1. Whenever you get a sec, compute what percent of the accessible area on the chain sits on carbon and sulfur atoms (1.4 Å probe).
2. Over the chain, what relative contact order in percent results from Cα pairs under 8 Å that are six or more residues apart?
3. Report the calculated FRET efficiency for Ser42 and Leu134 (r = Cβ-Cβ distance, R0 = 41 Å), to the nearest 0.05.
4. What is the gain in length, in nm to one decimal, between Ala197 and Gln243 on full extension, counting 0.36 nm per residue of separation less the C-alpha to C-alpha distance?
5. Please state the shape class of the chain: rounded when a/c is under 1.5, otherwise prolate if a/b exceeds b/c and oblate if not, all from the C-alpha gyration tensor.
6. Ignoring ligands, DNA and RNA, what accessible area per residue does the stretch 19-321 give at 1.4 Å, in Å²?
7. Based on the mean of other Cβ atoms within 10 Å per residue, sort peptides 252-265, 294-307 so the most packed one is first.
8. Can you classify the stretch 122-251 as rounded, prolate or oblate using the Cα gyration tensor, where a ≥ b ≥ c are the square roots of its eigenvalues, rounded means a/c under 1.5, and otherwise it's prolate if a/b beats b/c and oblate if not?
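The values are calculated or read from the model by the stated rules, or taken from the named source; none is laboratory data. None of these values were measured; they are calculated from a predicted model. Please note: Cβ atoms are built from the backbone with ideal geometry, for glycine as well, and neighbour counts cover all protein chains shown. These accessible areas exclude ligands, DNA and RNA; they are computed on the full protein's heavy atoms, side chains included. Shrake-Rupley method; radii C 1.70, N 1.55, O 1.52, S 1.80 Å.
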Amino acid sequence: MTSANTGTEMGSFASRFNLQQYVVYLGFLAIFLFFAFMLRDSGFLTVRNLSNIVLQTAPVTIMAIGLVFVMSAGEIDLSIGSIVAVSALAAAVTIASYGMAAGIVAGLGAGILIGLINGALVAYVRLPSFLVTLATMGLFAGVSRSMTDLRSISVTNEAFTGFFGSGSLLGVPSLIWWTVIAIAIGHLVYRETRFGAHVLATGDNARAASVSGISVPKIRLAVLTISGGLAGLAGLLYAGRLQAAKYTLGETDLMTVIAAVIVGGTLLNGGKGSIVGALVGSLMMGMLNNGLILMGLSVSDQMIVRGLIILTAVAVSLRDKSR
């Protein structure tokens, strides 16, 4: 066999097997094996600890699904953490006065409304999504603080906390059900519908997408609204699980969600993404936080590790986009 033939076969193999798309799965396995070995006597591998990782990452996974749509369209949403707090507080306050149904409408409605505001400013006023959502992040962080004068609001409605947090169906916790349903719907819409194809086309080349008949402004409005709605749902899940709502909910989630999405294979500049990859990325970040805590690392050390992971993932993302 000649060297030319060998090179051709290796190139053909490389085109069929793109290692880069499996990085998140290999990374997840590597981190799991590392902690399993290092923390074998610290309870990392117990069923209780592993299930806690899944439960704790449920709201992050829900937000990550929305961010996959946003980033695939070439945009960004920095306001999701503030939306979580506003939605959770709106739901908690409304439940106390008007009951569970009204609370759900208030919580989800707040998220969708903020998403619509973000989307309208980006799509029709033509402001950069980075600046718009940076502004609304600060704006609604202030709103969440003023809603209850920095007080925590307890959620005592058992039907609500069971449905969104502490309950179970067929022996499976409700938070896992929410995650599975959201991932299934998100993946179906993203991969199997015309809307998903239009999102990817917009992120890949907005001008070409517009020329081909895609309404780019409507796509941008839609993805930011979806992100706001899913952040609102994440707020309900936090309120249900913790049986309380406070302005600090979601405050530290932005970095984790962005890391999960980028590590999961969504390009920073748009045009490519993965809902399943975001799920694995979210679980990876949850497992990483859990393992670092069990190892005794401080919060600052955990932030450093997450930052390094994001930096690496962004570098890989931009390198892939430039090819």
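1. On the way: 10210 of 15400 Å².
On the chain, the fraction of accessible area on carbon and sulfur atoms equals 66 percent.
2. Values: 548 pairs, mean separation 100.2, N = 323.
Relative contact order here is 31 percent.
3. On the way: r = 39 Å, r/R0 = 0.95.
Between Ser42 and Leu134 the formula returns 0.55.
4. Numbers: separation 46, 0.36 × 46 = 16.56 nm, distance 3.88 nm.
Difference between extended and current length: 12.7 nm.
5. On the way: a/c = 1.96, a/b = 1.24, b/c = 1.58.
Oblate is the answer for the chain, as a/c is 1.5 or above yet b/c matches or exceeds a/b.
6. Numbers: 13560 Å² over 303 residues.
For the stretch 19-321, the solvent-accessible area averages 45 Å² per residue.
7. Working: 252-265: 24.4, 294-307: 12.9.
Averaged packing, sorted descending, gives the order 252-265, 294-307.
8. On the way: a/c = 4.24, a/b = 1.46, b/c = 2.90.
Here the stretch 122-251 falls in the oblate category.
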